[in-house]
1. Can you name the residue in region 15-55 that is small (G, A, S) and assigned to a helix (DSSP H, G or I) and, of all such residues, is surrounded by the fewest Cβ atoms within 10 Å (Cβ to Cβ)?
2. If we keep just the residues of region 132-176 that are not in a helix (DSSP H, G or I) and not polar (S, T, N, Q), which is nearest to A31 (Cα to Cα)?
3. Suppose we filter region 111-152 for residues that are open to solvent by 40 Å² or more (accessible area, probe 1.4 Å) and either under 19 Å from D93 (Cβ atoms) or of a type in the set (A, V, I, L, M, F, W, C) (or both); how many remain?
4. Which residues, counting only those in region 91-131, are farther than 22 Å from K170 by Cα, of a type outside the set (F, W, Y) and outside any helix (DSSP H, G or I)?
5. From the residues in region 15-30 that are among the charged types (D, E, K, R) and modelled with pLDDT under 95, which one is farthest from I73 (Cα to Cα)?
Amino acid sequence: YIVVYSFIEGKPIEKDIQTGLIDKQTIISIAQVVKKIHKLTENKNEFNLPILPFINSSKRKSLLHFDLTKNNILKSHNGKINIIDFDDAKYGDSVCDIAILIANLFFSKTYGVDLEGMNEFINEYYSDNFELRKIEEPLIKKYALEWIKYTLDGHEFSASLTESFKVKYKLISDRL
């Protein structure tokens, strides 16, 4: 097999070096792009992706990136957001992607918890569907913790990365 990629202009999103925060406009733009991906693929597994390997009990299903880290979210010089690296993609509960993104972007071993940024993301993602928010928001913690357990189970990471996941788990357990 050969994979041909087109060039996507931009660089991975960055957190402020001193505060560890992502700026508000970037958070809003990320929420809009993730929401668009979920809406375009809602209840359609037309790529025959593997099914989410845990929970999978929500009615709203879509393509899941399943690895939404700051390195897989590119921001161009004009602020446009692109998401790359779908090699871990799955099909399942849309809220799982939201939980993974929140765990990766707003919970940090170095900087702690950015509740304001997390709430900004949630507010924008669910801006046009309050009923869906009422259903899915209480599930975010459950999915984030399950994803961390799944990621750590059977994978060998460096001691530092393993510790980082364990810190995220504790922060999410305590603060979300």
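The values are calculated or read from the model by the stated rules, or taken from the named source; none is laboratory data. What you see is a predicted model, and the numbers here were worked out from it, not measured in a lab. Cβ placement follows ideal geometry from the backbone for every residue including glycine, while neighbour counts extend to all protein chains displayed. The area values use the complete protein model at the heavy-atom level, side chains included, leaving out ligands, DNA and RNA. Shrake-Rupley method; radii C 1.70, N 1.55, O 1.52, S 1.80 Å.
1. S29
2. L176
3. 16
4. Within region 91-131, G92, D93, S127, D128, N129 meet the criteria.
5. D16
Rundown of residues vs (1) among the aliphatic types (A, V, I, L, M); (2) under 28 Å from F7 (Cα atoms); (3) touching a residue at least 24 places away in the same chain (Cβ under 8 Å), yes/no style:
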{"site": "I84", "(1), (2), (3)": "yes, yes, yes"}
{"site": "K109", "(1), (2), (3)": "no, no, yes"}
{"site": "N119", "(1), (2), (3)": "no, no, no"}
{"site": "I140", "(1), (2), (3)": "yes, no, yes"}
{"site": "A144", "(1), (2), (3)": "yes, no, yes"}
{"site": "L152", "(1), (2), (3)": "yes, no, no"}
